[in-house]
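Below you'll find the structure, written out as structure tokens, and then a few comments.
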Amino acid sequence: MLAFLARAPRPLLSGSAGSPRRAMAAAARQGLRSSSSSSKKLVECFYDVLSPYSWLGFEVLCRYRPIWNMELRFRPVFLGGIMHSTGNRPPALVPKKGEYMTKDLLRMAKFYQVPLHLVKDFLGSVLEKGSLKAMRFVTAVDMAEPQFLEPVSRELWMRIWSRDEDINQPESILAAAERAGLSSDQARKLLEMSSSPEVKNRLKATTDEALKYGAFGLPCFVAHVNEEPHLLFGSDRLELLGHLLGEKWLGPVPTSSKL
Ligand SMILES: N[C@@H](CCC(=O)N[C@@H](CS)C(=O)NCC(=O)O)C(=O)O
């Protein structure tokens, strides 16, 4: 078990003797959820494992999944494609932004309690190597073994943004997949599948969807409220996401002790 996951709070609603209605009522009494909100609002989380800010947003949203009345859908995309299509460029290429980002990321990682560390060779490991192979693999997992999407994504983030390891070589991808719980046989089949036209097209289609919503960088969250999509950019926009959903923000590490 990863140390930070062991520390992660238990789902807020899980301790109510198996009765979701009692748990919902308890949450409503505590002001954590409006008692009138019965249908879940869809939240799409567009991310790439190359993006450290995506990891921060992803982990905090996982913590809020049992607290907020939302259906959380993970949407793996290719950050390089988003940058290219919008004419944007990685913020770290602007020296002053890069300087700020290194401080900001470490502060945010501590605050969000995600074990993120900086990579030594940002140019080589992040900008030059990119994430195409990794994100094609993540897409194959989403298509064929979606129950592993979350742990496989997390293991790839752990590799690049916690342990400063490669994420694109076949053996790197297989190691992440096996740590996430896939058998070596399943992992190999998914790796083979990840170079198929179906997977390539799916990654492109999801990236295009993010672009249509207005994405120019990652992470992006799309909240579907009153049949309207609201695009939010950044792991620092989760409080606003809660506001749009009519939910309470309890900080980046909501704890079950609050119930
Ligand atoms: N303030 C945002 C920063 C997010 C960010 O810088 N994301 C990078 C990728 S890791 C990006 O796509 N940036 C595009 C831009 O800043 O225009 C956050 O807290 O998440």
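A short reminder: the numbers here are calculations on the coordinates, not readings from a lab. Computed from a predicted structure; not experimentally measured. Cβ placement follows ideal geometry from the backbone for every residue including glycine, while neighbour counts extend to all protein chains displayed.
Would you kindly state how much longer the chain becomes between residue 118 and residue 88 on full extension, computed as 0.36 nm times their sequence separation minus their alpha carbon distance, in nm to one decimal? Before the final figure, lay out each step's value.
Values: separation 30, 0.36 × 30 = 10.80 nm, distance 2.23 nm.
Length difference between fully extended and current span is 8.6 nm.
Cβ-Cβ distance of residue 195 and residue 71, R₀ of 41 Å, FRET efficiency by 1/(1 + (r/R0)^6): the value works out to about 0.85.
List, in the order given, every pair from 129/200; 97/200; 110/248 whose Cα-Cα distance in the structure shown is over 25 Å.
On the way: 129/200 18 Å; 97/200 32 Å; 110/248 22 Å.
Correct reply: 97/200.
DSSP finds beta bridges in the range 41-245, and of those with both partners inside it, around 60 percent are antiparallel. Taking the Kirkwood radius as Rh and the Cα radius of gyration as Rg, the range 181-221 has a ratio of Rg/Rh equal to 1.16. The packing ranking, built from the mean of other Cβ atoms within 10 Å per residue, places the peptides 234-246, 133-145, 78-90 in the order 133-145, 234-246, 78-90, highest first. Kirkwood radius and radius of gyration were both taken over the C-alpha atoms of the range 129-259, and their ratio Rg/Rh is 1.02. Over the range 41-245, with a single point scatterer placed on each C-alpha, what log10 of the ratio I(q)/I(0) does the Debye formula yield at q = 0.17 1/Å? With no solvent term, the Cα-only Debye profile gives -1.22.
Counting alpha carbon pairs within less than 8 Å and at least 6 residues apart, what relative contact order, in whole percent, applies to the range 114-259? Intermediate values should be presented prior to the final figure.
Values: 139 pairs, mean separation 26.4, N = 146.
Computed over the range 114-259, the figure is 18 percent.
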